[in-house]
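All remarks here apply to the structure that follows.
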Amino acid sequence: MSRIHSTSERKNPPDFRREGAKCEFYIDGATSPQPIARIEHLLSGLDGVERSLVDTEDGEVKVQFDEKKISKERIVLTLQQHGFRFQ
């Protein structure tokens, strides 16, 4: 399974066992480089998003975030405002 990591330390895969709020969803078209790069850029720019992972095979996006700084709804809304559709 190919994966692209959206973290500041790309050498180390995200550890989703850590504490923090998590959400998972599927985004249409998030299986090719350009949309994945846009998703990475958007998520990394959101204050409170700690780690994210995009599965290039099926478009699954996993996000770990600090719920004191950002909500799942804000993450989803940001992606929707940039034209991403959820499955």
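Readers should treat all values here as calculations from the given coordinates under stated rules, not as data from a laboratory. Nothing here was measured: the structure is a model prediction, and the numbers come from that model. A quick note on method: Cβ atoms are made from the backbone with ideal geometry, for glycine too, and the neighbour counts reach across all protein chains shown.
So which residues in the range 38-87 are among the aromatic types (F, W, Y) and surrounded by fewer than 18 Cβ atoms within 10 Å (Cβ to Cβ)?
Within the range 38-87, F86 is the sole residue that qualifies.
Quick check on my filter: what residues within the range 52-71 are under 17 Å from A30 (Cβ atoms) and either in a strand (DSSP E or B) or of a type outside the set (S, T, N, Q) (or both)?
If the condition is that a residue be under 17 Å from A30 (Cβ atoms) and either in a strand (DSSP E or B) or of a type outside the set (S, T, N, Q) (or both), then S52, L53, V54, D55, E57, D58, G59, E60, V61, K62, V63 are the ones that fit.
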